[in-house]
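Quick notes on the structure that follows.
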């Protein structure tokens, strides 16, 4: 990326997204694009597509997600999997359609099995049962990783999935 690149930070109000926004600003990136959830509902395919058509970002950091604690995950499992799959699908597909140069998809360490050895290693993914209280969220994030790989393989995109495990 160069300092003039147009960079969209999806989820800029959250913990990771706000840190990215601050860091990029500190390094001198001046064309940072943000939208709050009230301004852009990323679960809405039409709205997401219109945003990408209008803004045409060069790079995307996908830190947006429906998140919550154990109680929220247990109470609203359908909402968590539905909303996170929709956000990922809409952003990745719109990024591809509008020729985003690079995309970073941010997930969560909850994608690893409940009883995975510590410290976590990438190869532990899908080696055992997930923590039941956040399984729908974790499965959506695992699907996001696969979506990145699939777009790269089929469309030649350069999407990267990273799991900030110590957040």
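Here, each number is a calculation from the coordinates, and none is a lab measurement. In this text the structure is predicted, and so the values were computed from the model without any measurement. Here Cβ is always computed from backbone atoms with ideal geometry, including for glycine, and neighbour counts include all displayed protein chains.
Among residues that are without any contact (Cβ under 8 Å) to a residue 40 or more places away in the chain, touching a helix residue (DSSP H, G or I) at 6+ places or on another chain (Cβ under 8 Å) and farther than 25 Å from residue 150 by Cβ, residue 32 is included.
Just one of the numbered conditions (1) in contact with a helix residue (DSSP H, G or I) (Cβ under 8 Å, 6 or more places away or on another chain); (2) in contact (Cβ under 8 Å) with a residue 40 or more places away in the chain; (3) more than 23 Å from residue 7 (Cβ to Cβ) is not true of residue 116: (2).
Kindly indicate whether residue 24 is touching a strand residue (DSSP E or B) at 6+ places or on another chain (Cβ under 9 Å), without any contact (Cβ under 8 Å) to a residue 24 or more places away in the chain and either surrounded by fewer than 16 Cβ atoms within 10 Å (Cβ to Cβ) or in a loop (DSSP other than H, G, I, E, B) (or both).
Values: touching a strand residue (DSSP E or B) at 6+ places or on another chain (Cβ under 9 Å): yes; without any contact (Cβ under 8 Å) to a residue 24 or more places away in the chain: yes; either surrounded by fewer than 16 Cβ atoms within 10 Å (Cβ to Cβ) or in a loop (DSSP other than H, G, I, E, B) (or both): no.
So residue 24 fails the test.
Can you tell me which residues in the stretch 1-12 are closer than 19 Å to residue 86 by Cα and part of a loop (DSSP other than H, G, I, E, B)? Before the answer, list the steps.
Residues of the stretch 1-12 that are closer than 19 Å to residue 86 by Cα, as a first pass: 8-12.
Selection gives 11, 12.
Answer yes or no: is there a residue in the stretch 11-19 that is more than 28 Å from residue 154 (Cα to Cα) and exposed (fewer than 13 other Cβ atoms within 10 Å of the Cβ). The answer is yes, given that some residue of the stretch 11-19 is more than 28 Å from residue 154 (Cα to Cα) and exposed (fewer than 13 other Cβ atoms within 10 Å of the Cβ).
Condition first: touching a strand residue (DSSP E or B) at 6+ places or on another chain (Cβ under 8 Å) and without any contact (Cβ under 8 Å) to a residue 40 or more places away in the chain. Now tell me which residues in the stretch 132-167 satisfy that. Listed by number, the residues that qualify are 149, 152. Answer yes or no as to whether residue 129 is free of Cβ contacts under 8 Å to residues at least 12 places away in the same chain and part of a loop (DSSP other than H, G, I, E, B). Criteria not met by residue 129.
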